[in-house]
Amino acid sequence: MSKRILVIQGHPDVSNQHFGHALAESYADAARAAGHSVQTVTVAQLDFPLLRSKAEWEAGPVPASLKPAQEAIAWAEHIVFFFPLWLGGMPALLKGFLEQVARPGFALSNMEGKSLPKKLLAGRSARLVVTMGMPAAVYRWIFRAHSIKALERNILGFVGIAPIHESLIGMVEGEPKGRERWLARMRQLGAAAE
């Protein structure tokens with residue numbers, strides 16, 4: 001069964017081709033070849049301001065440059081995020097993007113007089129593909145993958161996206177054989193829409 005897949009490229013640098021870009025391309029190409037519909041959002045190519053207040057988040061207009069991204073999220077059945085681990089978390093540009101698009105009225109119901117909002121993006125699944133310089137096992141077990149867990153629980157889960165799977169890719173500047181294995185794994189995941 002074919003799925004509607006959104007690939008969100010969260011690397012803030014589009015001036016160079018990074019391993020995360022190659023991973024995303026491998027995933028998307030394999031998904032298309034398997035008959036899935038794929039759209040891509042490249043966060044670094046979007047121009048948008050950062051939010052600076054709760055009032056702006058709750059009632060301010062979504063920048064026109066991000067409306068197509070919201071439409072792509074609404075369209076998708078499965079969302080795949082690709083980003084590098086920077087200072088233990090997602091790059092600030094990706095966090096700013098998520099703050100802008102995951103607004104009341106789109107990602108969750110308006111919160112006036114309610115303790116918990118309705119999750120408006122339920123019915124979608126996600127995968128996080130995170131590259132890092134350290135061994136992935138060190139990040140997962142010693143650092144407890146704290147920022148990834150926060151993204152899963154406090155952003156994606158909060159708006160109803162579930163289940164969420166992870167592909168943590170460590171030592172990205174390592175040997176070419178390791179990179180080839182991860183590119184093959186992304187092709188496998190893309191074809192299966194996982």
(request) Kindly state which helices (runs of 4 or more DSSP H) lie completely within segment 6-101 and contain at least 2 residues that are open to solvent by less than 30 Å² (accessible area, probe 1.4 Å) and of a type outside the set (Val, Ile, Thr). (result) 19-33, 67-75, 92-101
(message) For segment 1-18, give me each residue that is farther than 14 Å from Pro91 by Cβ and modelled with pLDDT of 95 or more.
(response) Ser2, Lys3, Arg4, Ile5, Leu6, Val7
(request) Looking only at segment 133-172, count how many residues are assigned to a loop (DSSP other than H, G, I, E, B), at pLDDT below 95 and open to solvent by 50 Å² or more (accessible area, probe 1.4 Å). (result) 6
(message) Going by what's in this entry, would Ala193 be described as of a type in the set (Gly, Ala, Ser), in contact with a His (Cβ under 6 Å, 6 or more places away or on another chain) and surrounded by 12 or more Cβ atoms within 10 Å (Cβ to Cβ)?
(response) yes
(request) Considering every residue within segment 102-125, establish whether at least one is under 15 Å from the mean Cα position of the chain (by Cα), open to solvent by 10 Å² or more (accessible area, probe 1.4 Å) and free of Cβ contacts under 8 Å to residues at least 40 places away in the same chain. (result) no
(request) Run down Leu51, Leu46 and say which single residue is out of contact with any Phe, Trp or Tyr (no Cβ under 6 Å at 6 or more places or on another chain) and of a type outside the set (Phe, Trp, Tyr). (result) Leu46
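The values are calculated or read from the model by the stated rules, or taken from the named source; none is laboratory data. The shown structure was predicted, so the numbers you read here are calculated from the model rather than taken from an experiment. Backbone-built Cβ (ideal geometry, glycine too); neighbour counts: all protein chains shown. Note: accessible area is taken over every heavy atom of the protein model, side chains too, but ligands, DNA and RNA are not part of it. Shrake-Rupley method; radii C 1.70, N 1.55, O 1.52, S 1.80 Å.
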